[in-house]
Structure formats: C-alpha cells, structure tokens
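Below is one structure, written out as structure tokens; comments come after it.
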Amino acid sequence: MEDWKRGRAMFATVAAAPLTWLTLFFIIPMAVVWLYSFGTNRGLTDIDISGTLVNYQRALEPLYLGIFAKSLVVAGITTVICLVVGFPVALAIVFSTDRWKPWLLLAIMLPFWTNLLIRTYALMAVLRTEGYANQSIGWLHDRFGSIMPLVGLPAPGAYEPMNLLYNNFAVILGLVYVHLPFMVLPLYAALDRLDRSLIEASLDLGAGHIRTLLAIVAPLAAPGIISGIIITFVPALGAYLTPDLLGGPDSQMIANVIERQFKRANDWPFGAALSFLLMYATFIAIAFQAVKAKQAERRG
Amino acid sequence: MSDASPIISIRNVTKRFKGAPSPAVDDVSLDIMPGEFFVLLGPSGCGKTTLLRMIAGFEIPTEGQILIDGQDMALVPPNKRPVNMVFQSYAVFPHMTVAQNVGYGLKIARMPSDEIDTRVREALELVKLDGLAGRRPDQLSGGQRQRVALARSLIMRPKVLLLDEPLSALDAKLRAQMQFELADLQDEVGITFITVTHDQDEALSMAGRIAVMNKGDIAQLATPSDLYEFPANRFVADFVGSVNIFEGTLTLDEPDRAAVDCPGLGKVYLNHGVTGAHGSQVWIALRPEKLYLHVPGEGKAVREAARDAPEGHNFARGTIKGMSYLGDITLYEIRLESGAMIRVSRPNLSRRDQEDFTWDDRVSMHWRADSPVVLLS
C-alpha cells in the first residue's frame, strides 16, 4: 500500500469508524476515570474534581502498597510457573507430527471457549475438602495404608484431607490454569520459526539436549519468551475473579480492592487512583519489553 | 591404503519413513576409506541426504548397521559420534559471533578458553576468515557463512566431515571457486569428506569416488571418469552429463567386435566385445561431444559422404533442427534420417566456427567405434 499521507481521504474514510469507536468508548471513559482519581466524593453520587492528590496519597499507604506488592509477587510466581510448564508444552507441540499439531493447539485453546466462571467453579469442585483431588489422594493413601503393614511398616492413620481451596495456593493454581495458554501460544510461535538445523548443528557439535536448549533454543526464542511473560504477567496482575473465588481472606489482590472501592465502599475517586496505579505498573512492564526488543533488534 | 580398514562401513542399511510407500534408503552397503573425498550424487528424493543423516545420527536406520572406524553406531547419539556435519543452510548460530560459533564445540567439550582461542584462530585461518572473528553472522555473505560452518566442524577434528549440498546456496562463480577450495582443504586436513549433491559438475570435479543413488539404491559406485565414460546403466548415463540413448538389438558379439542394430541410429559397430546375449535388447549411449559434425560436400551421394568419415568410424546423416550457441561450444539438435533426434556438441576452436552450420543444413556425423557405451539395463 502507498504511503497513507498521500491518500489522506481514503485513510480518513477507513480510520473514521474505529477512531470514533475508540474515542467514544475507550478514551473518554478512561479520561473520566482518570479525572475521578483527582476528585473527592461529595454525597452519594457526586464527585467533585478538585485536583487533589489525596487519593494517590492514600493508595501509597503501606496497606495498599502491601497488596500491590503481593499482587506483583503472585503474578510473578504465576508467570514463572507458566513459563516452566509452558516451555516444554510448546516444544512438544513444535516437534509433534503434522497430523497431531492442530489438535494439540486446539487442546491449548479449548479453555478459551469455556466461560471463566464455569472453569473456576470446576476447579473449586476439584480442590474442595471433599473434592476430587482429596478423594483421589485419600484413595491412594488408604490403599498404601493397607499394604504397609504387610511389608512390616506401621500403618498410617486415617487420611486428613488437605486444605487446597481458599488460600494462596489455590489462587496461584487457578491463575496458572487460566493463563497457561497465553504463555504457550507465543512460545509456540517463536519456537516454530526456529531453524531445526540449528538444533541439529548444536547436537552435532557435541552438546546434549539440555545444553542445546539453554545455549541455542532459549536465546533464539527470547522474543517469544518475553512476549509470553508480558501477556501472562499483565492480566495475572489484574486478576479479579480467580482470587475472589479461590482465595482466602489473605489472598486478595489489587483488583479485588479496586472492585470494593467502586462497589461496597462507593469511593470512586480512590478506586480510580488505584486503577491508574495498576495501569502505570503495566505500562512500565510493556515499556521494559519494548526496550528489550529494541536491544535485541540492534544486536541483530 | 589398499589394506586400510574402512572409516565408514554401511552394511545393508534400509530406512523406511512412516507413511512412505517405498523405503528412502533400500538395502545399501558401502565402504568409505580414510582420507577419501566421497560424493553421494543423485536427484532429489533418491535417499542421499537420508543416508548422510543416518551417518550423522539424525536418522536411525530401520535395518542394517553403520560402523564408524569399526564401531557400531546403533546406540550412539549424534553428539557422541566422531563425525561433524556442514548443513545445507549452514546453520550458523545467529546470536553468536563468528568466533563463538567456531569455538562452540570446544566449549561444550570444556576445553580451557585460551586453548579454544588458539584453535579458533587456526581454524579461521584455515578457511581464510581471519579478521572476521568478531563479526555477527548477519554481517557475513553466504560464502563467508559457509566458511564459518566449515571451520566450526573442522575445529572438532572429526574422523569424517559430512557436507550436505555444501555449494547449492552459492552463486555460480563462487561455487566453482569453492569446488577447488574444498578439494584443497580436504587435501590439507586429510579428513574423510562425504558430500551430498545433486549437481554432477560438483561431484565430478571434487570427488575421489562417487556413488550415484537412485530411488534409495546405489546405481553405480565409481571414480568420476569411470562414471562418465563407462556408465553402468541408462540412469547413470543420463544423470551424469548429457547423453543420446538409442534402443537396439545386439546382432553381433565377438571378443574384438560387436554390432547393435538401432532403429533410430542405424547399425552401430563397436571395436570391442559386449557381454550380452545375442539378439538381446540393449541401449547405445553416445555423448554429444564424441560425435564429429561434418561439413557435407555439395551434392555428394550418401556413399561418397560416408567416405568422409575416417576409417573405422561409425556414420550417420541428418538435418539440423536446433542450435544453441554457448560460447565455448555450440549444441546442435539434429533430426536423423530415421526421424530420431540426436544431440551433438561442437567446440568452437576458432572464432567463426559457429557459422559453419545453420538451421536445416543437411549434415553428416561420425564417431569412433569405441565411443558408444552399450548398456544392458
């Protein structure tokens, strides 16, 4: 296509509809919320945009900073687990035969087509005290318990169900479950582009598989790894439903706090300030990726 | 060298790929001696690359055995084999400098870094890349990347160097130059080279011995000149070089002479015997450069024209139907009196030679009685 500057009329026609849409339903509401963050509550519904920084001041109090920090840690752990689990999965799909590849990719994407709420409740059914996980482990426990006296070991006591739900473990498990496809797909895209003969050349020169993975595959897949990390980390940081349903009293993340400001606390200005702090954090993460990508580009 | 044991011994190796109707490599046996420049030549899909990859360890033979230096390689993974490979795409690691690429194998082998530096410098000198150690692969030309791949393999001092279509990605000039350089390099390092190629010129110019492969099988194993001058069958005669092939019947077969009656070419006399049954179907292969074109005398009768041919030569007549001037030679497509076409090449020994003939000229041609090759299959 030619330079858009030369075909201004045409460009304007094509761009008008999406631009209007974005302005009306994205930029303006965002701007409104942004203005709210500099306002004070007056009455139940009135907000006086006074230019105050009180909301931000309050958002930076240790209580909220602590929740921010905790959200960062939870999202970070989620991302690391997704990377560690997702990398071998992506590799396996890349090296599967052409007949299997589309089915494996479909299996990765299948959860996207199921409502998040339903998936989360299903996970709750697995993790409950009387859930499938505890039942299965209890069954194994009883079987082994009946064998142990036969081989001269003391019989273990009755199985105590583990607390798998309503704690940080459940939140991270749920977040990993939800965000794994976000990690696998960019990794798959990066690894699929990799020239196989580079891997063979490394093996040919005496490197083992692990060494080849670390010295050749990982550096060359770095752009995919970084975008996988970003698009896993950013939504995990703003996760609301998962910590709300799977978490305990101490597992609330920043999105839960924000929701409470808008609803129960009816403190929109403060909620807006928290929201924008979260967005700034996200921007920093994306800017970091952009800088890294530029560096990688310059290195060739 | 004749009493040395083979460096690579391929014994009844068959490779079947899942879902493929016929085996990629079909019961191939082959011995390659130390220090040889060995070439696997064949059209794409003939199994030559699969055979090379089985030696490297990237494919596992379905049946049969591969021995390197007397050791069975069945359970040895690629990274433990005493061979190294130069890949068709060169597979130079894009995120490493030239020096890091070349030193990669030694670093894996945990060699001290000062020793690696010395060896890298030597290897780069060997492939004439000294001074480019700090470059990144995207700053190199295709020819330079190939030299990096060569140095990276040679630095490992393998018993055998495997080269997969090493020159296919280079332009014609560079390819011709690299053919000489590869042969010189092999001479210098004394390592056994096994090269896979589909390019017959490349094979003929570099190889000590060539195995021509067809449909997973070795069609002929010979030196370059034997392959060209004494092809064993129609496939080899046709694949290596350019050739005219005529079907015929063996009508005379004595120890010092033979004759083949070809419907297309007429009766072809040979001044040597053929080990074939009398009356059996054979083929005559005649290379275009072994035919001499004649300027026919004005209005000469057939009998007189035949006298133009030297004593003991075969003779045929036809009309020029196509010409292609290639500078050093001119190629002529000639329709014989039988209607069959024959190709003749003529060296342009003086500057106006190509003007001797033109389209629709009636010409006669002759060839020595030992020029045709009689093929039984």
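The values are calculated or read from the model by the stated rules, or taken from the named source; none is laboratory data. This structure is a prediction, so every number in the text was calculated from the model and none was measured. Cβ: placed from backbone, ideal geometry, glycine included. Neighbour counts: every protein chain shown. Surface areas here come from the heavy atoms of the whole protein model, side chains and all, with no ligands, DNA or RNA. Shrake-Rupley method; radii C 1.70, N 1.55, O 1.52, S 1.80 Å.
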**OP:** Any residue in region A:174-196 that's acidic (D, E): show its pairings with residues that are open to solvent by less than 40 Å² (accessible area, probe 1.4 Å) and assigned to a helix (DSSP H, G or I) at Cβ separation under 8 Å, as long as the two are six or more apart or on different chains.
**Re:** A:D192/A:V94
**OP:** For residues that are aromatic (F, W, Y), farther than 30 Å from A:N163 by Cβ and free of Cβ contacts under 8 Å to residues at least 60 places away in the same chain, tally how many sit in region A:227-278.
**Re:** 1
Original post:
So which residues in region B:123-135 are within 28 Å of B:A203 (Cα to Cα) and more than 14 Å from chain A (Cβ to nearest Cβ)?
Top reply: B:L124, B:E125, B:L126, B:V127, B:K128, B:L129
Original post:
Just checking, how many residues over region B:136-193 are within 17 Å of B:V102 (Cβ to Cβ), open to solvent by 30 Å² or more (accessible area, probe 1.4 Å) and within 13 Å of chain A (Cβ to nearest Cβ)?
Top reply: 6
Original post:
Which of the residues belonging to region B:54-80 are open to solvent by 20 Å² or more (accessible area, probe 1.4 Å), more than 8 Å from chain A (Cβ to nearest Cβ) and assigned to a loop (DSSP other than H, G, I, E, B)?
Top reply: B:E59, B:I60, B:P61, B:T62, B:D69, B:G70, B:A74, B:L75, B:V76
**OP:** Within region B:93-115, work out how many residues are more than 8 Å from chain A (Cβ to nearest Cβ), within 11 Å of B:R152 (Cα to Cα) and open to solvent by less than 50 Å² (accessible area, probe 1.4 Å).
**Re:** 6
**OP:** Could you grab me the full set of residues in region B:205-225 that are outside any loop (DSSP other than H, G, I, E, B) and open to solvent by 50 Å² or more (accessible area, probe 1.4 Å)?
**Re:** B:S205, B:R209, B:D217, B:L221, B:S225
Original post:
Quick check, is B:S89 facing chain A (nearest Cβ under 9 Å) and either surrounded by fewer than 18 Cβ atoms within 10 Å (Cβ to Cβ) or under 23 Å from A:L214 (Cβ atoms) (or both)?
Top reply: yes
Original post:
Quick one: is A:A190 touching a Gly at 6+ places or on another chain (Cβ under 9 Å) and open to solvent by 60 Å² or more (accessible area, probe 1.4 Å)?
Top reply: no
**OP:** Select from region B:334-377 the residues that are open to solvent by 70 Å² or more (accessible area, probe 1.4 Å), hydrophobic (A, V, I, L, M, F, W, C) and not in a loop (DSSP other than H, G, I, E, B) and list them in ascending order.
**Re:** B:M341
**OP:** Show the residue pairs that are 6+ apart or on different chains and have beta-carbon atoms under 8 Å apart, the first residue being within region A:155-169 and farther than 22 Å from A:A122 by Cα, the second being open to solvent by 90 Å² or more (accessible area, probe 1.4 Å) and outside any loop (DSSP other than H, G, I, E, B).
**Re:** A:P156/A:F144
Original post:
Only one of (1) under 21 Å from the mean Cα position of the chain (by Cα); (2) modelled with pLDDT of 95 or more; (3) surrounded by fewer than 22 Cβ atoms within 10 Å (Cβ to Cβ); (4) away from chain A (no Cβ under 14 Å) is not met by B:L51, so which one is it?
Top reply: (3)
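Yes/no per residue for (1) open to solvent by 80 Å² or more (accessible area, probe 1.4 Å); (2) modelled with pLDDT of 85 or more:
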residue: A:W139; (1), (2): yes, yes
residue: A:V151; (1), (2): yes, no
residue: A:P156; (1), (2): no, no
residue: A:N167; (1), (2): no, yes
Original post:
Out of the residues in region A:218-238 that are within 11 Å of another protein chain (Cβ to nearest Cβ) and assigned to a helix (DSSP H, G or I), which is surrounded by the most Cβ atoms within 10 Å (Cβ to Cβ)?
Top reply: A:L220
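I'd like the full set of residues that are more than 8 Å from chain B (Cβ to nearest Cβ) and closer than 30 Å to B:A109 by Cβ, limited to region A:188-214.
Result: A:A190, A:L191, A:R193, A:L194, A:R196, A:I199, A:H209, A:I210, A:T212, A:L213, A:L214.
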Subject >> Flag for A:G66 being within 28 Å of A:L175 (Cα to Cα) and loosely packed, with under 11 Cβ neighbours inside 10 Å >> reply: yes
**OP:** Mind listing just one residue for me: the one in region B:45-78 that is polar (S, T, N, Q) and in contact (Cβ under 8 Å) with a residue 12 or more places away in the chain and, of those, nearest to B:Q144 (Cα to Cα)?
**Re:** B:T49
